[in-house]
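J.: Take this structure first; my questions come after.
The values are calculated or read from the model by the stated rules, or taken from the named source; none is laboratory data. What you see is a predicted model; the values in this text were computed from it and never measured. Every residue, glycine as well, gets a Cβ built from its backbone with ideal geometry; the counts of neighbours run over all protein chains shown.
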Amino acid sequence: MRVYTIIGARPQFIKAAVVSRALARAGIEEHLIHTGQHYDPELSGTFFDELGLPAPAVDLGVGSGSHAVQTGAIMTALERYLLDRPKPDWVVVYGDTNSTLAGALVAAKLHLPLAHVEAGLRAMNRRMPEEVNRIVTDRLAGLHCCPTQTAVENLRREGITRGVYLTGDVMLDATRFFAARAGMQVPPEALTPHPPRGYYLATIHRAENTDDPARLRGIFEGLGRLDAPVLLPLHPRTRNRLAGIDVPAGVELQPPVGYLAMLTLVRHARKVITDSGGLQKEAVWLGTPCVTLRDETEWTETLAGGWNRLAGADPAAIVAAVAAAPEGPPPAFGEAPEGRAADRVVAALCATSRQTGFSTPCTS
Ligand code: UD1
Ligand code: UDP
């Protein structure tokens with residue numbers, strides 16, 4: 001069985017790292033295709049080195065651009081590349097980026113079987129580019145690996161019931177595996193001079209926040225009113241939008257950090273304050289309350305007991321959400337029905353290819 005994996009952005013390297021290991025355990029040949037959507041070493045190369053991802057078979061090197069330019073460039077380069085290669089049993093795409101959408105469209109038009117890992121997520125907000133990418137990808141995929149029952153239900157509401165597997169969340173696998181590797185001791189001085197629970201950890205990169213100066217200003221104003229320093233490893237998208245924004249003294253900007261460092265910083269933060277999808281979940285899994293700088297979340301399970309609170313971009317709402325304490329233990333979600341989510345993804349790939357006769361049998 002031969003799998004082509006298409007990835008291009010930071011969270012996809014993390015998700016693919018655990019599935020890649022599971023594919024190798026099952027003796028399945030994987031061919032990694034990097035679209036080049038993320039290219040700075042601290043958003044890309046660092047993750048390949050640190051997470052033990054095999055070097056990509058190819059980097060399409062598309063880089064940045066508007067949605068149409070970037071998606072179109074990935075499609076053009078990917079189609080050319082795939083036409084020259086043996087047919088895979090599966091093309092696997094992850095999450096909701098422009099690399100996901102472009103990979104899905106090219107696979108569908110070349111009549112290649114398409115699997116979507118992290119299928120079925122919905123924020124119910126079609127103004128988000130990610131929501132458009134998810135809806136189209138789920139419509140095209142023949143195999144849907146859903147992280148939660150909520151995701152399965154979202155697909156069912158859209159009439160998608162075939163090839164739907166509840167696999168659990170591969171990011172939970174990644175959090176567990178790499179947290180054990182990181183050791184999670186108190187963050188070293190090089191990461192932060194502040195003691196455990198003596199700092200907030202923030203990230204901001206969503207288009208709805210970075211591309212709206214009023215929202216971005218509101219977020220920084222809110223962060224500046226908090227009662228402890230705020231560490232902010234800055235995504236380049238946000239760095240490029242800081243002109244005219246007043247960065248308060250308590251907000252400590254730094255370049256993006258590697259995944260093991262990030263997990264350590266999350267574990268010991270007083271709270272995580274973010275508009276990231278992945279970080280909301282990691283915070284709750286690691287027992288650190290989260291405040292989300294958005295008006296809705298696709299990860300609704302995190303909201304239980306106030307472990308994650310939606311604050312949007314309003315300074316007063318951010319301060320109030322940060323001050324509010326969660327109740328009870330952190331919610332559990334994303335667990336695989338049995339074993340690890342990455343192994344369930346591989347089992348779903350194998351089971352479905354046997355049914356459809358796409359492939360030679362695989363060993364798992
Ligand atoms: C993308 C995804 C988003 C995901 C995020 C993960 C889409 C539409 N968005 O957002 O869903 O949450 O990745 O981090 O696919 N840039 C650099 N260096 C890089 C990459 C980007 O400087 O290596 C800058 C460029 O100015 C670029 C901007 O960041 O225009 C945005 O990059 P892009 O990949 O388009 O989207 P992200 O905001 O990273
Ligand atoms: N992350 C990281 N270093 C950073 C910021 C984020 O390793 O400086 C990790 C984070 O822990 C999570 C993933 O990147 O696992 C989330 O990626 P991002 O927020 O870019 O994308 P999203 O999840 O919103 O799509």
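J.: With respect to Val247, determine if the residue is of a type in the set (Val, Ile, Thr), touching a residue at least 24 places away in the same chain (Cβ under 8 Å) and crowded, with 21+ Cβ neighbours inside 10 Å.
T.: Working: of a type in the set (Val, Ile, Thr): yes; touching a residue at least 24 places away in the same chain (Cβ under 8 Å): yes; crowded, with 21+ Cβ neighbours inside 10 Å: no.
So Val247 fails the test.
J.: Of all residues in the range 186-216, which are outside any helix (DSSP H, G or I), within 24 Å of the chain's Cα centre (by Cα) and either surrounded by fewer than 15 Cβ atoms within 10 Å (Cβ to Cβ) or among the charged types (D, E, K, R) (or both)?
T.: Passing the criteria: Arg206, Asp211, Asp212.
J.: Can you pull out the residues in the range 312-357 that are of a type in the set (D, E, K, R) and touching a residue at least 40 places away in the same chain (Cβ under 8 Å)? Outline the logic, then answer.
T.: Just the residues of the range 312-357 that are of a type in the set (D, E, K, R), to begin with: 314, 327, 335, 338, 340, 343-344, 354.
Across the range 312-357, the qualifying residues are Asp314, Glu335, Arg340, Asp343, Arg344.
J.: Any chance you could count how many residues in the range 5-29 are in contact with a Lys or Arg (Cβ under 8 Å, 6 or more places away or on another chain) and more than 13 Å from ligand 2 (Cβ to nearest atom)?
T.: 3
J.: Assuming Ala17 fulfils every condition listed in (1) away from ligand 1 (no atom under 16 Å from the Cβ); (2) at pLDDT 95 or above apart from one, which condition is it?
T.: It fails just one condition, (1).
J.: Write out, first by first residue and then by second, each pair whose Cβ atoms fall under 8 Å of each other, whose residues are 6+ apart or on separate chains, and whose first residue, in the range 150-166, is surrounded by 12 or more Cβ atoms within 10 Å (Cβ to Cβ) while the second is assigned to a helix (DSSP H, G or I) and of a type in the set (Ser, Thr, Tyr).
T.: Taking only residues 6 or more apart or on different chains, the pairs are Thr150/Thr300; Gly163/Thr352.
J.: Among the candidates Lys271, Lys281, single out the residue that is touching a Phe, Trp or Tyr at 6+ places or on another chain (Cβ under 6 Å), surrounded by 17 or more Cβ atoms within 10 Å (Cβ to Cβ) and closer than 15 Å to Leu223 by Cβ.
T.: Working: Lys281 fails: closer than 15 Å to Leu223 by Cβ.
Of Lys271, Lys281, the one residue that is touching a Phe, Trp or Tyr at 6+ places or on another chain (Cβ under 6 Å), surrounded by 17 or more Cβ atoms within 10 Å (Cβ to Cβ) and closer than 15 Å to Leu223 by Cβ is Lys271.
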